[in-house]
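The values are calculated or read from the model by the stated rules, or taken from the named source; none is laboratory data. The structure presented is a predicted model; accordingly, all values stated were derived computationally and were not measured. Quick reminder, even Gly has a Cβ in these numbers, built from the backbone with ideal geometry, and neighbours come from all protein chains shown. Just the protein is used for accessible areas: all its heavy atoms, side chains included, with ligands, DNA and RNA removed. Shrake-Rupley method; radii C 1.70, N 1.55, O 1.52, S 1.80 Å.
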Amino acid sequence: MSDVDYCVVGAGFAGLTAALRLKQAGRSVALLEARDRIGGRTFTVTRDDGSWIDRGGAWIGPGQDRIYAMMDEFGVPEYKQHNDGDAMMIVDGKKHRYGGTIPWSMSAWAVTNLGIGLMSIEKMCKTIPGEAPWEAKRAAEWDRISLGEWIENNTMSKAAREMLDMAIAGVYTSAGSETSLLWALTQMGSGGGPTFVISGKGGAQDARPVGGMGAVYRSIAAELGDALHLSRPVRQITQDGDGVTVAADGLTVRARRAIVAIPLAIASSIVYEPMLPVDRAFLHQRMPGGAVIKISIIYDEPFWRADGLCGQSAAPGSPATLTIDACTNTADPGIMCVITEGPAARRLTRMDEADRKAAVIGELVDRFGAKANAPLEFHEQNWTTERYSGGGMISHAPTGVLTEFGYTLREPCGRVHWAGTESSAVMCGWIDGAIRSGERAAAEVTTADTAAAATTRV
């Protein structure tokens, strides 16, 4: 039995941040992580030559003040995403090279539909109150329909529908039919709207930390020291009038309060005694993850740059739905990142390893030429099957969930408090949102204990 002031469950960015801020405030803390590594839905691997691969969340952008503050705190600089050159969109087998955010070489009908769709979503996002989206004027209406249904009903061009579904619904690593329109508007609106979500320069893929996300989370872990406990999956949290008992494999922690900072999709894997309030328990049941495979392919050099391409490409529904230049700040070696989401990722998962690799490399050869057929390394991270992630990079809310159960996202359940990027009203779904949620939860538990102490003295 280990006695501390606070116990934090989950060593992704939300849990790491909560534990860090509590320790810095002079509190004793235990951070329990089920995996044998830290980082949660981020995962940086450093190669023998010193280059790195981010096999999970990697990018940062303007407005993400808390991840930037954390980088400054530990002396981790940024470098800008490579955006020089043309991007590529493949629709109905035809390649479109373009600069900017929209492939203007497509038919005027498709481009117009795409532009109108993005503008409409941007406008709707601005009407969502971030702290309480279920109170939006049209919340009930928008939570009754899926994002896919809205795209189908409001986009007359088939090509534009496919691109919108890939660019917008793909964020939730699920089919558009699985995700509430209200949830999509809430998540996108928390970062400024769909233009921010899909953009490189000035958007969510604007920059990266030098050394990858691992340069940040390893620095936090070093400061936490022996407060961090790996390979300790938490099985039960029992609370009483004086505190909580957190039972993990091989370790039991007694604390005043607990912060649970694991994905909503797996939060119900913990037994809570007494049972959680019904609406919070139902929230856990109703916010699943999705399917996403992130593949990093290593080449001698980023050969696509010499061909006037930035490395960014998209092909709705293909085995390589999205590609992006993932080179380090030195551009040596060449690293191409392939991200496949939703139904396309599930199809890939059903293939054997050799067939998956062949399908992905075949797509790259078709887009970038014969040089893509000679990779040095092929690194596959299938988040869909990650036991302690519960699926894709962000849990999502199907129809009806936010208006019924959304109010429980941040509301403590007695001495059990919640953190995680999905609970952040700002930058929900990004690493920045995870950090914000960890800081909120840390402040929340200390404030609650200060208030309780004051009441006792009175």
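Here are the numbers for the structure shown:
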| quantity | calculated |
| --- | --- |
| Residue that is surrounded by the fewest Cβ atoms within 10 Å (Cβ to Cβ), among those in the stretch 259-302 that are among the β-branched types (Val, Ile, Thr) and within 19 Å of the chain's Cα centre (by Cα) | Ile266 |
| All positions within the stretch 195-209 that are of a type in the set (A, V, I, L, M), part of a helix (DSSP H, G or I) and open to solvent by less than 30 Å² (accessible area, probe 1.4 Å) | Val197 |
| Answer from Gly57, Gly75 - the residue that is small (Gly, Ala, Ser) and either touching a strand residue (DSSP E or B) at 6+ places or on another chain (Cβ under 8 Å) or under 30 Å from Ser313 (Cα atoms) (or both) | Gly57 |
| Subset of the stretch 127-153 [within 20 Å of the chain's Cα centre (by Cα) and open to solvent by 70 Å² or more (accessible area, probe 1.4 Å)] | Glu131 |
| Hits in the stretch 210-249 (condition: in a loop (DSSP other than H, G, I, E, B), over 30 Å from Ser51 (Cβ atoms) and open to solvent by less than 50 Å² (accessible area, probe 1.4 Å)) | Pro233, Gly243 |
| Members of the stretch 411-458 found to be outside any loop (DSSP other than H, G, I, E, B) and at pLDDT below 95, listed by number | Ala448, Asp449, Thr450, Ala451, Ala452, Ala453, Ala454, Thr455, Thr456, Arg457 |
| Residue count for the stretch 303-324, restricted to those that are of a type in the set (Phe, Trp, Tyr) and surrounded by fewer than 24 Cβ atoms within 10 Å (Cβ to Cβ) | 1 |
| Output for the stretch 356-389, where each listed residue is part of a loop (DSSP other than H, G, I, E, B), over 19 Å from Ala326 (Cβ atoms) and open to solvent by 60 Å² or more (accessible area, probe 1.4 Å) | Arg387, Tyr388 |
| Single residue of the stretch 159-170 satisfying the filter (open to solvent by 10 Å² or more (accessible area, probe 1.4 Å) and farther than 14 Å from Ala344 by Cβ) that is modelled with the lowest pLDDT | Ala159 |
| Some residue of the stretch 325-345 being in contact with a helix residue (DSSP H, G or I) (Cβ under 8 Å, 6 or more places away or on another chain), surrounded by fewer than 20 Cβ atoms within 10 Å (Cβ to Cβ) and under 20 Å from Trp383 (Cα atoms) | no |
| The lone exception for Gly56 - which of (1) open to solvent by less than 50 Å² (accessible area, probe 1.4 Å); (2) part of a loop (DSSP other than H, G, I, E, B); (3) more than 21 Å from Ala222 (Cβ to Cβ); (4) not basic (Lys, Arg) it fails | (3) |
| For Ser180: the one exception among (1) open to solvent by 10 Å² or more (accessible area, probe 1.4 Å); (2) closer than 21 Å to Val292 by Cβ; (3) in contact (Cβ under 8 Å) with a residue 60 or more places away in the chain | (1) |
| Total residues in the stretch 411-443, condition charged (D, E, K, R) and surrounded by fewer than 19 Cβ atoms within 10 Å (Cβ to Cβ) | 1 |
| Counted residues, the stretch 303-347 - those being hydrophobic (A, V, I, L, M, F, W, C), modelled with pLDDT of 95 or more, more than 19 Å from the chain's Cα centre (by Cα) and not in a loop (DSSP other than H, G, I, E, B) | 7 |
| Flag for Met156 being open to solvent by 10 Å² or more (accessible area, probe 1.4 Å) and either in a strand (DSSP E or B) or touching a strand residue (DSSP E or B) at 6+ places or on another chain (Cβ under 9 Å) (or both) | no |
| Qualifying position, being closer than 27 Å to Thr238 by Cβ and either free of Cβ contacts under 8 Å to residues at least 40 places away in the same chain or of a type outside the set (Ser, Thr, Tyr) (or both), among Arg436, Arg410 | Arg410 |
| Residue, surrounded by the most Cβ atoms within 10 Å (Cβ to Cβ), within the stretch 390-405, restricted to residues that are within 27 Å of Gly56 (Cβ to Cβ) and among the small types (Gly, Ala, Ser) | Ala397 |
| Glu353 being open to solvent by less than 50 Å² (accessible area, probe 1.4 Å) and among the charged types (D, E, K, R) | no |
